[in-house]
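Note sheet for the following structure.
The values are calculated or read from the model by the stated rules, or taken from the named source; none is laboratory data. Note that the coordinates shown come from a computational prediction; the quantities given were computed from them, not determined experimentally. We place every Cβ from the backbone using ideal geometry, glycine too, and count neighbours over all the protein chains shown. Just so you know, the surface numbers come from the protein's heavy atoms only, side chains and all, with ligands and any DNA or RNA stripped out. Shrake-Rupley method; radii C 1.70, N 1.55, O 1.52, S 1.80 Å.
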Amino acid sequence: MHLGKHISSLQNPLVRQILQLKEKKRGRDKTGLFVLEGLREIQLALKGGYEITKVFYCTDIIPVQELKALFPNKDAGTEGIELSREVYRRVAYREKTEGVLALARAKSHQLHDLQFHRKDPLILIAQSPEKPGNLGALLRTADAANLDAVILADPKSDLYNPNIIRSSVGCLFTVNIGVGSSEEVFQFLRDKGIKLYSAALSASELYSELDYTGPVAIAVGTEATGLTEKWITESDANVIIPMKGQIDSMNLSVSAAILIFEALRQRNFDEINGRRYNLLWIHLYFFM
């Protein structure tokens, strides 16, 4: 990374560009760029193969040497631009910030580009996710479980919304993500020979009694309405988590995590650490 400009004016065109990309989906769609903030997020984006085009930093907050350590020699063409404290506070998203943010180029998330690391892939599908916080939590769960992919069907949230990046704590960049319509996802699963298990409250089997050891995709809907009827009828099996109290549903990411870690329990291995799972370890890992 090479250091160049210093910006102290809130009227600078680059400052306006940052604000537009941060606040407007239309700007992100038009340019193919998005804003990410924080050392961890930038590190994970680089590790995930994202192209960082510009880095903005405030030396009152972050030392230059710490900033330079983020970028290996192959990224020497990335432009570093210093911002005054006033300008940085205006463009920063977080209340407690680390003094660095960046512009990165969005990736294409076509279904046909998905590559799986398991012979029998384990996939999470979210239909029409709306709340950035829920989607971010699902991505964190997917990363923790080392899933082969997360597929977003008919998404209503912009994948590069700053709220999703923040709530996923950078897992947006570590998880294999595909995006498509419901019909495209159904066809993709058929072509790949992947079973579809849909989370549903009716006509469902107990989640722990299904077989997750083959190629499986677990589908969840929104907290408000769940999956649409088409997903229920297209599935190979509908799955339910029994409720013992007065309510009939749980938080979306918690429900997804229970199903995902049941699948891992049945597969009985931890590909990340090379340790064998048991049911008690899974529950301690997730809920503590």
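Numbers at a glance
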| quantity | calculated |
| --- | --- |
| Lys68 accessible area, assembled protein chains, probe 1.4 Å, Å² | 90 |
| Straight-distance crosslink candidates among lysines, where the alpha carbon sits under 18 Å from Lys131 and sequence neighbours closer than 8 are dropped | Lys22, Lys24, Lys25, Lys156 |
| Relative contact order for the stretch 154-221, counting Cα pairs under 8 Å that sit 6 or more residues apart, in percent | 29 |
| Helix 252-267 axis, angle to the chain major axis (alpha carbon atoms, nearest 10°) | 60 |
| Radius 12 Å from Cβ of Leu124, net charge of other residues (Lys, Arg +1; Asp, Glu -1) | -1 |
| Rel. contact order, % - alpha carbon contacts under 8 angstrom, at least six apart, the stretch 46-164 | 27 |
| Surface accessible to a 1.4 Å probe, per residue, for the residues of the chain, Å² | 50 |
| Cα-based reach from Lys54 at 17 Å (exclusive), listing aspartates and glutamates while leaving out same-chain residues under 8 positions away | Glu37, Glu41, Glu66, Asp75, Glu79, Glu82, Glu98 |
| GNM top mover of Tyr160, Tyr93, Tyr197 - the chain, alpha-carbon springs below 10 Å | Tyr93 |
| Cα gyration tensor, the stretch 91-182 - rounded (a/c under 1.5), prolate or oblate | prolate |
| Set of lysines near Lys119 by C-alpha distance (under 30 Å), chain-local residues within fewer than 8 positions excluded | Lys47, Lys107, Lys192, Lys195, Lys230 |
| Crossing angle, helix 13-23 versus the chain [Cα axis fit, 0-90 degrees, rounded to tens] | 20 |
| Carbon plus sulfur fraction of accessible area for the chain, probe 1.4 Å, in percent | 48 |
| Point-charge dipole on Cβ atoms (K/R +1, D/E -1) for the stretch 123-177, about Cα centre, debye to 20 | 180 |
| Principal-axis tilt of helix 132-145 within the chain, Cα atoms, nearest 10 degrees | 70 |
| Karplus-derived HN-Hα couplings along the stretch 121-131 (A = 6.51, B = -1.76, C = 1.60, θ = phi - 60°), whole Hz, x at Gly and Pro | x, 10, 10, 10, 10, 10, 8, 6, x, 10, 7 |
| Cβ-Cβ FRET estimate between Arg90 and Lys47, R0 fixed at 22 Å, reported to 0.05 | 0.15 |
| Efficiency of FRET between Asp29 and Gln187 - r from beta-carbon atoms, R0 30 angstrom, step 0.05 | 0.75 |
| The chain shape via C-alpha gyration tensor axes, a/c threshold 1.5 | prolate |
| By average C-beta atoms within 10 angstrom, highest first, the peptides 161-167, 58-64 | 161-167, 58-64 |
| Cα-based shape type of the stretch 24-144, given that a ≥ b ≥ c are square roots of the gyration tensor eigenvalues and the cut on a/c is 1.5 | prolate |
| Relative contact order %, the chain, counting alpha carbon pairs below 8 Å whose residues are six or more apart | 17 |
| Distance (nanometres) between label positions extended 7 Å along Cα→Cβ at Ser108 and Ser128 | 2.8 |
| Segment Lys119-Lys68, length gained on full extension (0.36 nm per residue, minus Cα span) | 14.5 nm |
